[in-house]
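Contents: one structure, followed by commentary.
A short reminder: the numbers here are calculations on the coordinates, not readings from a lab. These numbers were taken from a predicted model, which means no experiment stands behind them. All Cβ positions, glycine included, derive from the backbone under ideal geometry; neighbour counts span all protein chains shown.
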């Protein structure tokens with residue numbers, strides 16, 4: 001009975017006549033905010049790429065899934081604080097993130113219509129990010145192996161359909177990591193406690209800013225009331 005229920009659910013997921021799918025790419029920049037370098041939340045300084053899938057359930061909302069990869073880095077030379085500039089640390093790391101959540105349109109974005117439309121939107125959900133665990137010794141970054149963390153994504157953007165099949169979006173997505181060691185300032189290993197520094201009670205942030213370009217496929221729904 002359970003197997004039958006799962007099969008029916010999958011059939012409904014892929015064949016429901018009211019659905020429309022979007023599949024596309026993300027291209028932009030990334031930056032981080034934490035104990036090292038600049039304290040500006042929006043300052044892309046590395047390349048970020050990814051893939052995006054959306055399952056539109058109405059003209060106002062869609063379920064969204066993505067995978068993104070980026071370098072993140074920080075350099076105290078870019079900081080506004082004299083203390084950080086004098087400290088002179090810098091770091092590099094890599095993040096691969098998987099995200100699922102809900103995108104909400106402020107205006108109706110009905111893909112059944114062929115006319116050009118646009119709408120601001122917001123997005124949130126849950127993310128899981130893979131990164132390298134590191135720490136600092138004598139001012140040098142030391143790698144300690146692979147690690148992962150949950151993160152909370154909060155994105156704002158605007159999108160328009162540039163053709164009947166292509167949708168272009170511009171967005172900034174902020175991630176609050178449930179981890180304070182993307183930069184090597186707070187290693188989790190208790191034996192490395194002497195190497196911790198900065199505000200260990202404040203977790204790190206990372207940001208993806210850029211363009212999304214998605215292609216719509218399967219039957220286009222009419223979101224109007226019957």
Inter-label distance for residue 77 and residue 118, nm, one decimal - labels placed 7 Å from Cα along Cα-to-Cβ:
3.9
Placing each pseudo-label 7 Å from Cα in the direction of the beta carbon, residue 57 and residue 178 end up separated by a distance in nanometres of 2.2
Along Cα→Cβ, 7 Å out, is where each label goes; now give me the distance between the ones at residue 92 and residue 130 in nm to one decimal.
2.0
Rounded to 10°, Cα long-axis angle of helix 2-15 versus longest principal axis of the chain
80
Just the number: Rg to Rh for segment 99-163, Cα atoms, Kirkwood Rh, two decimals.
1.29
If you average 1/r across every pair of different Cα atoms in the chain and take the reciprocal, what Kirkwood value do you get, in Å?
19.3
May I ask you to derive the relative contact order of the chain, considering only C-alpha pairs under 8 Å and at least 6 residues apart, and to give it as an integer percent?
23
